[in-house]
Amino acid sequence: MKSHILFYSGKEKCTIEFGVAFVVNRSMKRNVLDFKAVDDRKCILRIKTKFHNLHFINMHALTEDKDEIGHGSLSSENGRSI
């Protein structure tokens with residue numbers, strides 16, 4: 001992955017629990033305005049384009065096989081502004 005940059009939001013040690021990321025080609029690095037790791041389930045990448053600045057939001061989505069406690073904790077967080 002030498003030709004790409006990884007913008008990662010998650011646990012420091014590489015685990016299979018949560019974590020979200022963006023993979024950006026190194027040639028596009030100069031267009032990255034900002035990367036914000038909100039927490040281990042959410043991150044935001046800002047990219048400069050010719051006419052606009054784009055915001056990409058990456059969020060970990062729970063699946064139906066998770067318990068209701070997990071669904072409720074993420075749902076209540078999603079109601080607030082990032």
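The values are calculated or read from the model by the stated rules, or taken from the named source; none is laboratory data. In this text, all values refer to a predicted model and were calculated from it rather than measured experimentally. For neighbour counting, all protein chains shown are included, and Cβ atoms are generated from backbone atoms with ideal geometry for every residue, glycine included.
So the values come out like this:
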| read-out | value |
| --- | --- |
| Pairs where the first residue, in the range 13-26, is farther than 11 Å from residue 40 by Cα and modelled with pLDDT of 90 or more and the second is polar (S, T, N, Q) and assigned to a strand (DSSP E or B), C-beta under 7 Å, 6+ apart | 22/58 |
| Considering residues of the range 18-32 that are surrounded by fewer than 12 Cβ atoms within 10 Å (Cβ to Cβ) and assigned to a strand (DSSP E or B) only, the residue nearest to the chain's Cα centre (by Cα) | 23 |
